[in-house]
1. If you scan the stretch 68-98, which residues turn out to be without any contact (Cβ under 8 Å) to a residue 12 or more places away in the chain and either open to solvent by less than 40 Å² (accessible area, probe 1.4 Å) or touching an Asp or Glu at 6+ places or on another chain (Cβ under 6 Å) (or both)?
2. Could you tell me how many of the residues in the stretch 10-33 are surrounded by fewer than 15 Cβ atoms within 10 Å (Cβ to Cβ), of a type outside the set (Gly, Ala, Ser) and part of a loop (DSSP other than H, G, I, E, B)?
3. Within the stretch 40-50, is there a residue that is open to solvent by 30 Å² or more (accessible area, probe 1.4 Å), in contact (Cβ under 8 Å) with a residue 40 or more places away in the chain and farther than 19 Å from TYR5 by Cα?
4. Of all residues in the stretch 54-77, count the ones that are over 16 Å from the mean Cα position of the chain (by Cα) and under 12 Å from GLU29 (Cβ atoms).
Amino acid sequence: MANIYDIIIRPIITERSMASVADKKYVFEVAKDAGKVEIKNAVETAFGVKVAKVNTINVNGKHKRLGAGRMGTTKSWKKAYVQLTEDSKTIEMFEGMV
């Protein structure tokens with residue numbers, strides 16, 4: 001089993017993701033090979049909360065120019081939307097950002 005900090009790479013802090021923090025929905029970048037059950041266990045262990053459900057999406061890299069006409073892409077990554085239960089506490093890391 002991987003370390004929980006190998007599964008959760010970073011939180012996604014955008015205007016759209018911060019709008020759903022009031023509903024106890026959080027967005028994280030996670031490892032590409034992590035499953036929903038692994039993500040749920042990692043979030044529960046790292047933050048001490050109860051997770052109701054996890055939705056994941058694979059985000060493809062964008063095409064970028066790398067100089068004189070050469071095309072390249074940014075890296076592909078995986079995003080996880082985590083919904084906490086109603087009786088769960090919130091994640092303190094997101095408290096001051098709303």
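1. GLY72, the sole residue that qualifies.
2. 4
3. no
4. Selection size over the stretch 54-77: 0.
The values are calculated or read from the model by the stated rules, or taken from the named source; none is laboratory data. Bear in mind that the values here come from a model prediction, so they are computed numbers and not experimental data. Quick reminder, even Gly has a Cβ in these numbers, built from the backbone with ideal geometry, and neighbours come from all protein chains shown. These accessible areas exclude ligands, DNA and RNA; they are computed on the full protein's heavy atoms, side chains included. Shrake-Rupley method; radii C 1.70, N 1.55, O 1.52, S 1.80 Å.
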